[in-house]
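Reviewing the structure listed below.
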Amino acid sequence: MFLGEAVLGGLLLAAAACDWKKGKIPNALILFGWCASLVFAFWQNGGKGLLERAATILLVLSTGFFIFSVHMAGAGDIKLCSVIGGMQGLLSCMDILVVSAILAGGFSLFKLIRKRMLTERLLYAWLYFTAGRAGRKPYYEKSRDGADCTILLAPFLAAGYLLIVLRRWGGM
């Protein structure tokens, strides 16, 4: 549905702009996205669609909780992913998240190499997960790790969405 794709595209661009400017995604955008996704789901498939999309939102939020709990992504990023799930459904959401993760991972790799931090961060990640610290101690702490090893995810979510939509429309 073109209207739903346009609404989500606009929301993701707004979230990317806010993330870029302030490093945060406003809860008002998230709330609007959740409400819009449930309205579109009900409009398309009635109560069944509403329940399916609500379940998708909750599933994405709950699976993203671990990533948030160890500070590998912000709460706004996880909530924005759940908006994508609510608007697109679980399978399309997974496609978008995979493409976005590839884009963000490539950029992160480039950034770590450029800042000469790749070996240090890979070693830290290896020790973090093999020593069993996951869940007990955050993977990332700004006071300890600085901001050089972070990236903003909302722009990559918007770019991943755009690539998936272009492919869906036959443009790629």
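The values are calculated or read from the model by the stated rules, or taken from the named source; none is laboratory data. In this text, all values refer to a predicted model and were calculated from it rather than measured experimentally. Methodologically, a virtual Cβ is constructed for each residue, glycine included, from the backbone with ideal geometry; neighbour enumeration extends over all protein chains shown. Please note that ligands, DNA and RNA were not included when accessible areas were found on the heavy atoms of the full protein model with its side chains. Shrake-Rupley method; radii C 1.70, N 1.55, O 1.52, S 1.80 Å.
Each label was represented as a point 7 Å from its Cα along the Cα-to-Cβ direction; for Leu122 and Ile102 these points are 2.1 nm apart.
Give me the Debye-computed log₁₀ of I(q)/I(0) at q = 0.16 Å⁻¹ for the stretch 42-88, equal point scatterers on Cα only, no solvent, two decimals. Each listed q maps to, in turn, -0.44.
Please check the chain for the longest run free of trypsin sites (Lys or Arg not before Pro) that are loop-located per DSSP (anything but H, G, I, E, B) and have at most 15 other Cβ atoms within 10 Å. So the longest stretch without any such site is 25-114.
On a per residue basis, the chain carries 58 Å² of accessible surface, using protein heavy atoms and a 1.4 Å probe. Taking the three principal axes of the alpha carbon atoms in the stretch 6-101, the coordinate ranges are 37, 26, 23 Å, sorted in descending order. Which log10 I(q)/I(0) values does the chain give at q = 0.12, 0.18 Å⁻¹ under the Debye formula, counting every alpha carbon as one identical point scatterer? Summing over Cα pairs of the chain leads to -0.58, -1.16. Of the residues Val83, Ile113, Leu153, the one whose Cα sits farthest towards the positive end of the charge dipole of the chain is Ile113 (charges of +1 on Lys and Arg Cβ, -1 on Asp and Glu Cβ, taken about the Cα centre). Going through the cross-link list Lys24/Lys115; Lys22/Lys79; Lys24/Lys48, which pairs have a Cα-Cα distance over 22 Å in this structure? Over 22 Å apart, Cα to Cα: Lys24/Lys115; Lys24/Lys48. Taking every DSSP helix (H) stretch of at least 4 residues in the chain, weighting each as -39,500 (n - 2.57) and dividing the sum by the residue count yields a mean residue ellipticity at 222 nm of -27000 deg cm²/dmol. FRET efficiency for the pair Glu5 and Asn27, taken as 1/(1 + (r/R0)^6) with r the Cβ-Cβ distance and R0 = 25 Å, rounds to 0.60. Annotation for Thr130 and His71: the two label points, set 7 Å from Cα along the Cα-Cβ direction, are 2.3 nm apart.
The magnitude of the dipole of the chain, with charges of +1 and -1 set on the Cβ of Lys/Arg and Asp/Glu and taken from the Cα centre, is near 440 debye.
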